[in-house]
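Quick notes on the structure that follows.
The values are calculated or read from the model by the stated rules, or taken from the named source; none is laboratory data. On a predicted model such as this, the values are computed, not experimentally measured, just so you know. Because the Cβ atoms are built from the backbone with ideal geometry, glycine has one as well, and the counts that use them run over all protein chains shown.
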Amino acid sequence: MDNKDLFLEQIPLGPMENFVYMIGSKSTREVALIDPAWDIDFLLNFIEQQDLKLSSVLVTHYHPDHIGGGMGGHSIEGISDVIEKNPVKIFVNKHEAEGVKKVTGVSDTDINIVESGDHLTIGLNDIEFLHTPGHTPGSQCFKINENLISGDTLFIQGCGRVDLPGSNSDDMYHSLRKLSELPNETILYPGHHYSPEEFQSMEKTKEQNMYLKVPDIVTWRQIMG
Ligand SMILES: [Zn+2]
């Protein structure tokens, strides 16, 4: 894979320490927005100012701090505002589609359903979709060359909550197992800025993150209550 063509921008946005990501190709200038929320004009202006072209929206999971929608009586900007201003397809895991539609009001025709192992090409860059249920049923991570964009599945020092509606603690265990098999040189880019580092190698994360070190599911269940 040609890393020289990869464009990757990590953008802290909103009051909940979310990271929005922009990934794409330096040669074709196409970019995808990952979990765009909070300030859509800012993100679309950024794309325009850098002479980039939005080609798709990728969703890690359906929580409104990542994709917009209603939360606690407030309305958060998100994917429905993006496609209203700049119509592109929204890539959603098949187990997350219902939740995404319900939270944001987007329709079936706005969505491109993906499954684990599916790929999307942007310029010379390959994006692989990895289904990582646990935080939500259709949570997914994106593997782009040697980078992993992990949403709320894996944080640098933790993992996503599994006590919410739609969460499943056992599924999270298996998803974290799957991510811990990624090569050490993979760079982890989480969905929130919850630790001093903004990104970190999987090698260091495997050494430091206690949730990746749980030896078996029995121990996991004891820890997670
Ligand atoms: Zn979440």
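For the range 155-166, indicate whether the set of residues that are away from the ligand (no atom under 14 Å from the Cβ) and not small (G, A, S) is non-empty. Yes - at least one qualifying residue is present in the range 155-166. Considering the range 55-74, the residues that are in contact with an Asp or Glu (Cβ under 8 Å, 6 or more places away or on another chain) and either of a type in the set (S, T, Y) or in a strand (DSSP E or B) (or both) include one that is farthest from the ligand (Cβ to nearest atom), namely S55. Contact map, the range 171-185: residues that are at pLDDT below 95 paired with residues that are surrounded by 15 or more Cβ atoms within 10 Å (Cβ to Cβ), Cβ distance under 7 Å, separation 6+ or inter-chain. No pairs are found. Each residue in the range 6-24 was checked for being in a strand (DSSP E or B) and acidic (D, E), and 1 pass.
For the residues I47, I90, the requirement of being more than 16 Å from the ligand (Cβ to nearest atom) and assigned to a strand (DSSP E or B) singles out I90.
When S150, S139 are checked against the criterion of being touching a strand residue (DSSP E or B) at 6+ places or on another chain (Cβ under 6 Å), of a type in the set (S, T, Y) and within 17 Å of V57 (Cα to Cα), S150 stands alone in meeting it. If you go through the range 129-145 and keep only what is on the phi > 0 side of the Ramachandran plot and either more than 12 Å from the ligand (Cβ to nearest atom) or of a type in the set (A, V, I, L, M, F, W, C) (or both), you end up with just N145. The residue pairs whose first member lies in the range 141-163 and is acidic (D, E), whose second member is away from the ligand (no atom under 16 Å from the Cβ) and in a strand (DSSP E or B), and whose beta carbons are closer than 8 Å, counting only pairs six or more residues apart or on different chains, are E146/I187. Checking each residue in the range 71-119 for being over 20 Å from I144 (Cα atoms) and loosely packed, with under 13 Cβ neighbours inside 10 Å picks out G72, G73, H74, S75, E84, K85, P87, K102, S107, D108, T109.
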